[in-house]
Amino acid sequence: MEGTLNNPHKERIFGLDVLRCCAIVFVVAAHGRLMAIDTFLFEFPYIIFNDGVDLFFALSGFLIGGILLKEISSANEFNGSQLLKFWKKRWLRTLPNYYLILLVNIIFVKFYLAPGDLNSFSWKFFVFIHNFSSDFGDFFLESWSLSIEEWFYIFAPLILLGLLKILPLKRAFLGTVLILIISPILFRFLKYNPDAYDWFRTDSQVGKVVIMRLDAIGYGLLAAWLAFYYAGFWKKCRFWFLGLSILAHVLIDWLNTSNNNMYLQIFSFSLTAVTSMLYLPLADSIKSARGLIAKGVTYISKISYSMYLVNLGIVSSVMRYHFPVKNTTDGMIKYILYWCIVIILSGIIYRFFEKPIMDLRKKIR
């Protein structure tokens, strides 16, 4: 996920690394939990917490928003040349890994190394429109969030570029935020079916569709705007925001059992996105940390994009497809092995493929 992007500051911010690490841990745990059935690991995490992807979305909006605000305010303009530079850097960061793992998924499914439906695959995966306005079937399931990220990179700066022609940066940026937050909510209203609710269908037909989920990243943009223009408020209220996020989790847990179709199909996505955003002020204030645990958190944060891409289709699905869990002990062993493979494989991809390509971004002028 784009939450793995380097932040706009010269040094890494440890608090954001913590959120990134938590996000990928929850994603990987969720995708491997079928191997941990009937064990104490199956219910991990044991506290109420956001979905990992929502955290990645909030981080993406915050980091990219910070980059845009910093670069535009420094140059005192935003033109087509800067927009092209922005896209080059984003795509050089995200596309190589995506296309590598996409091709691996095609090979694995074609040669029956992993489950999946190649009939669900088409050229649309290469241009991120396979889930632009509808769900996309049973192939490379984790790609849904990457499409949302990529379209965000297109829409956000384009809208901002247009608004800057008539508004100053502060208002133009806020206008961009509002468009990206309100539009997906309106699309969810149009999709809303008051007479039927099925969690799986809503998750696939609404929760994993680009035009209905861009607001999740839009709230991260809002956080970047607050941090940039109201730095004192951003820092002063960080613990209040954390308290609100905890209350929001309690509210989400209650509302999820309410069987309120309008909430579940429309507003649940907004509430979880806002809750993820509320962690950012405190995380942004924790600039550094030392020790072995801190190094581990930072390392997992660095390889989190590779972990996100490989954990489900290449590791979890393959293990369960060829080596189904036989009993509790077998499940525990395979669950631990699953984590080891994900971390080692992701570390290799990061070291020998992802990082060398990221280093090329420094040459873009």
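Relative to one another, the C-alpha centroids of the range 164-194 and the range 326-348 are positioned 42 Å apart. To the nearest ten degrees, helix 328-349 and the longest principal axis of the Cα atoms of the chain are 40 degrees apart. How high is the relative contact order of the chain? Use alpha-carbon pairs under 8 Å, at least six apart in sequence, and give a whole percent. Taking the mean separation of contacting Cα pairs over the length of the chain, I get 33 percent. Taking 0.36 nm per residue of separation and subtracting the Cα-Cα distance, full extension of the segment from W199 to I286 would add 27.7 nm. The long axis of helix 238-255 is offset from the longest Cα principal axis of the chain by roughly 50 degrees. Assign one of three labels to the range 2-363, namely rounded, prolate or oblate, based on the Cα gyration tensor with a ≥ b ≥ c the square roots of its eigenvalues; rounded applies when a/c is under 1.5, prolate when it is not and a/b is larger than b/c, and oblate otherwise. Cα axes put the range 2-363 in the rounded bin. Taking a straight line from the alpha carbon of K236, these aspartates and glutamates sit under 14 Å away, with near neighbours fewer than eight places off in the same chain left out: D284. Give the distance, in whole Å, between the Cα centre of the range 240-292 and the Cα centre of the range 52-121. Answer, in whole Å: 24.
Take the residue pairs K235/K355; K70/K235; K89/K165; K110/K362; K88/K124; K208/K302 and return only those whose Cα atoms are more than 27 Å apart. Present the calculation step by step, with values, prior to reporting the outcome.
Working: K235/K355 32 Å; K70/K235 18 Å; K89/K165 24 Å; K110/K362 37 Å; K88/K124 21 Å; K208/K302 25 Å.
Correct reply: K235/K355; K110/K362.
For the options R201, R20, R12, a Gaussian network treatment of the chain with springs between C-alpha atoms closer than 10 Å singles out R201 as fluctuating the most. Other residues whose C-beta falls under 12 angstrom from the C-beta of G52 contribute a net charge of -2, scoring Lys and Arg +1 and Asp and Glu -1.
When each of W87, W225 is scored by the number of other beta-carbon atoms lying within 10 Å, the sequence from fewest to most is W87, W225. Using a/c under 1.5 as the rounded threshold, could you call the range 247-333 rounded, prolate or oblate? The axes a ≥ b ≥ c are square roots of the C-alpha gyration tensor eigenvalues, and prolate needs a/b larger than b/c, oblate otherwise. Oblate, because a/c is 1.5 or more while a/b does not exceed b/c. In order along the range 222-236, the phi-based Karplus estimate (6.51 cos²θ - 1.76 cosθ + 1.60, θ = phi - 60°) of 3J(HN,Hα) comes to 4, 4, 4, 5, 5, 5, 7, 9, 10, 4, x, 4, 4, 6, 5 Hz; Gly and Pro are listed as x. If you line up the long axis of helix 80-110 against the longest principal axis of the chain, both from Cα atoms, how many degrees apart are they, to the nearest 10? Once rounded, the angle reads 10 degrees.
Per-residue packing, averaged as other Cβ atoms within 10 Å, sorts the ranges 98-109, 148-159, 113-124 into the order 148-159, 98-109, 113-124, beginning with the highest.
Just so you know, all these numbers are worked out from the coordinates, no wet-lab data involved. Remember, it's a predicted structure, so these values are computed and weren't measured experimentally. FYI the Cβ positions are ideal-geometry reconstructions off the backbone, even for glycines, and counts take in every protein chain you see.
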